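Peer 1: Here it is: the structure, laid out below.
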Amino acid sequence: MAGKKTKWSSCNLLEPAAQGSRLWQFSVSSKKVKLSGDLRVAEGDDPPAKAVAKDWRDLLSRKLNIATLPPEKVFLRVVELPECEPDELLPMVEFQIEDLSPLPMAQAVWSAEAVPGSTGTEGNQTVLVMIAERGVVEGHLDELEAVNYLADRVEVPLLRELVPGEPREDGAHIQLVQGADSVLALVSWWFDGRLRDVNSFNLPDTAASRDELVEKINSVALAGEVAGWMPDEPACHLAKRGDVAADWNTALAKCFGSIREVEPMSEVDLATAAVEFTARTTAPGLMLEDYSARNRQRFQDGLWMEGIKGAVALMLIGLLGFYVYGSILQSTLDGKINEVTVQTNKFTKARSLKAKVETLEKQKALKDAALKAWREVTIGLPRELKFTQLTFSSDRIDGNTSRKLRIAGTADAGNDTIIDDYHLALTRMEIDGQTLFSKVRPGLSRKDPRKKLTTWSLECEFDGE
């Protein structure tokens, strides 16, 4: 699955060189990527630990270590998929990856990225799929771990020239990369602003390989004609890296009517383009998840060790300071204890007196509330109704506790409406502009036909404080 975009502050890119390796260092911001260092690492030497190692500062300023994979170790495929969100791209490719991969999936690692600006008329997007042998990636990561370079990503920088961030001119864009005893041909086919196909041919540097490359390009062109995107005479844009022989031009002339040689990207521009892409993409690249998890665990273990060392140092400093401070306080401690004892006794007595006063005040408030309630309900009682019982109850005296007044009485039969009116009057009854009862509920009501009486009751709740 595509990961969340991380805000990087610096980036290292380590790639093989003629003798040893080359470490590119970049500073990364939201606007641009800037080269900050170019170090040559001799064969057998480790990259500078200060440049590539991570410590607690990486929590505040994130550092990205990129490992590079030779382009001849990667299989390239181009597919068209419906437009989707970035985090939905890899699951869509995963449905087709077994058909695209020349390797069994247990032996392969793959990644995919949408080609910028390459969109079909149907709204489909062009996706570049990269597949590498898992054993090759593992071996390369193990070699880097041996020199204390723990990679966060595995990338192929040459792909940034093959598939740039914007559409290229129509035609076949070919890169010939001279190796020790081989020539790598990378071909990207662009027509109508869309990437149609990508090919990678790693051929031995022999005379027969020229004809073999012509045959492979003609096969791709024929397939393109059948698919309908290959014109009759496609143009060829040829870039050469290294000491590539001139007779390759002669061989390619058999496939293309015109060949225009272009300058390849410089090494620094290629490294910068690779870092710009890597720092801003959410695609996972060709990094193995188990190696990523192991590197994260190493980083966390290192933080723990640094934290433990710092904690021990702080503890020793704190103990020393505590001993000095304790010695100073010891001389005045007894006097402070006596003073606290005296003040505590005074405070305890004051709290006891305060509690007694509060209790008396609340008892008085409770009595006043009960008397006011009895007075008001008695005055407001209609003549047709009679009291048989007035009961005041409270769960406790302290605090703001809801008080209850239960009124029970009798009325002649047929006076039910008067009882209801009295109930309503109680709900509206006020003292000093405030409602007397917070709630008035009807209680049990019973009619006695023999005596022609109705027994009624009401329960009134109010704050007694």
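No value in this document is a laboratory result; all are computed from the given coordinates. Note that this is a predicted model, so its numbers are computed, not measured. Glycine gets a Cβ as well: all are built from the backbone with ideal geometry, and neighbour counts include every protein chain shown.
Peer 1: What three numbers, in Å, describe the spread of the alpha carbons of the stretch 312-376 along their principal axes, ordered from the longest?
Peer 2: Extents along the principal axes: 75, 30, 8 Å.
Peer 1: Also: Of LEU385, ILE337, HIS237, which is farthest towards the positive pole of the chain's charge dipole, taken about the Cα centre with +1 and -1 on the beta-carbons of Lys, Arg and Asp, Glu respectively?
Peer 2: The one lying farthest along the dipole's positive direction is LEU385.
Peer 1: For the stretch 157-174, take each phi angle, set θ = phi - 60°, evaluate the Karplus expression 6.51 cos²θ - 1.76 cosθ + 1.60, and give the result in whole Hz per residue in order, putting x for glycine and proline.
Peer 2: x, 5, 5, 5, 8, 5, 10, x, x, 9, x, 9, 4, 4, x, 9, 9, 10
Peer 1: Taking the Cβ of each residue in ILE317, ILE174, ILE431 as the centre, tally the other Cβ atoms inside 10 Å and list the residues starting with the fewest.
Peer 2: So the residues, fewest neighbours to most, are ILE317, ILE431, ILE174.
Peer 1: Same structure, new question: Mind checking the angle between helix 289-379 and the chain's longest principal axis? C-alpha axes, 0 to 90 degrees, to the nearest 10.
Peer 2: The answer is roughly 20 degrees.
Peer 1: If you don't mind, there's one more thing I want to ask. For a quick size check, give me the Cα extents of the chain along its three principal axes, largest first, whole Å.
Peer 2: 128, 79, 38
Peer 1: Taking the Cβ of each residue in TYR323, TYR422 as the centre, tally the other Cβ atoms inside 10 Å and list the residues starting with the fewest.
Peer 2: TYR323, TYR422
Peer 1: What is the Cα convex hull volume of the stretch 1-152 when expressed per residue in Å³?
Peer 2: Dividing the Cα hull volume of the stretch 1-152 by its residue count gives 146 Å³.
Peer 1: Out of THR455, MET429, ILE328, whose Cα points farthest toward the positive end of the dipole of the stretch 324-465 (charges: +1 Lys, Arg; -1 Asp, Glu; placed on Cβ)?
Peer 2: Among THR455, MET429, ILE328, the one farthest towards the positive end of the dipole of the stretch 324-465 is THR455.
Peer 1: Quick one: net charge around LEU69, please, counting Lys, Arg +1 and Asp, Glu -1 for every other residue with C-beta under 11 Å from its C-beta.
Peer 2: Within the 11 Å Cβ shell, the charges total -2.
Peer 1: Just to be sure I understand the model, the point goes 7 Å from the Cα along the line to the Cβ. What's the resulting SER36 to ALA208 distance in nm?
Peer 2: Output for this residue pair reads 5.2 nm.
Peer 1: A follow-up question, please. Please give the net charge around LEU222, taking every other residue with its beta carbon less than 13 angstrom from that of LEU222, where Lys and Arg add +1 and Asp and Glu add -1.
Peer 2: -3
Peer 1: Can you work out the Karplus-derived ³J(HN,Hα) for every residue in the stretch 124-137? Use 6.51 cos²θ - 1.76 cosθ + 1.60 with θ = phi - 60°, whole Hz, and x for glycine or proline.
Peer 2: Going residue by residue, I get 6, 10, 8, 10, 9, 10, 10, 10, 9, 6, 4, x, 5, 5 Hz, with x marking Gly and Pro.
Peer 1: Tabulate in residue order the Karplus-calculated ³J(HN,Hα) for the stretch 6-22, using 6.51 cos²θ - 1.76 cosθ + 1.60 with θ = phi - 60°, rounded to whole Hz; enter x for Gly and Pro.
Peer 2: Values, residue by residue: 9, 8, 8, 10, 8, 8, 10, 10, 10, 9, x, 10, 4, 10, x, 8, 10 Hz.
Peer 1: While we're looking at this one, here's another question. Starting with the fewest neighbours, write out ASP99, ASP416 ranked by other beta-carbon atoms found within 10 Å of each beta-carbon.
Peer 2: Ordered from fewest to most neighbouring Cβ atoms within 10 Å, ASP99, ASP416 come out as ASP99, ASP416.
Peer 1: Tell me the relative contact order for the chain as a rounded percent, counting alpha carbon contacts under 8 Å between residues six or more apart.
Peer 2: Relative contact order here is 12 percent.
Peer 1: Moving on. Taking the Cα atoms of the stretch 262-374, what is the range of coordinates along each of the three principal axes, in descending order and whole Å?
Peer 2: Extents along the principal axes: 104, 60, 29 Å.
Peer 1: Ok, one more. Quick one: Debye curve from the C-alpha atoms of the stretch 324-465, no solvent, what's log10 I(q)/I(0) at q = 0.13, 0.20 Å⁻¹?
Peer 2: With one equal scatterer per Cα and no solvent, log10 I(q)/I(0) is -0.68, -1.14.
Peer 1: Okay, next question. Assign unit charges at the C-beta atoms only (+1 for Lys and Arg, -1 for Asp and Glu), then state the dipole size of the stretch 10-287 relative to its Cα centre in Debye, rounded to the nearest 20.
Peer 2: I would put it at about 900 debye.
Peer 1: Compute the helix-to-body angle for 416-428: its Cα long axis versus the longest principal axis of the chain, expressed 0 to 90° and rounded to tens.
Peer 2: 60 degrees
Peer 1: Right, something else. Let me spell out the model: positive unit charges on the Cβ of Lys and Arg, negative unit charges on the Cβ of Asp and Glu, origin at the Cα centre of the stretch 324-465. What dipole size does that give, in debye rounded to 20?
Peer 2: Rounded to the nearest 20 debye, it is 480 debye.
Peer 1: Note the angle between two axes, namely the Cα long axis of helix 267-280 and the longest principal axis of the Cα atoms of the chain, as a number of degrees from 0 to 90, rounded to the nearest 10.
Peer 2: For 267-280 against the chain, the angle is about 20 degrees.
Peer 1: Evaluate the charge dipole of the chain about its Cα centre and quote only its size in Debye, nearest 20, assuming +1 on the Cβ of each Lys and Arg and -1 on the Cβ of each Asp and Glu.
Peer 2: With Lys and Arg at +1 and Asp and Glu at -1, about 4880 debye.
Peer 1: What is the pair-distance distribution P(r) of the stretch 163-235, computed from all Cα-Cα distances in 10 Å bins starting at 0, with each bin given as a whole percent?
Peer 2: That works out to 19, 49, 27, 5, in percent per bin.
Peer 1: Please label the shape of the stretch 39-104 as rounded, prolate or oblate, based on the square roots a ≥ b ≥ c of the eigenvalues of the alpha-carbon gyration tensor (a/c under 1.5 means rounded; beyond that, a/b larger than b/c means prolate, else oblate).
Peer 2: Oblate is the answer for the stretch 39-104, as a/c is 1.5 or above yet b/c matches or exceeds a/b.
Peer 1: Okay, next question. If R0 is 30 Å, what FRET efficiency do you get for ALA293 and ALA49 from their C-beta distance, rounded to 0.05?
Peer 2: After rounding to 0.05, the efficiency reads 0.85.
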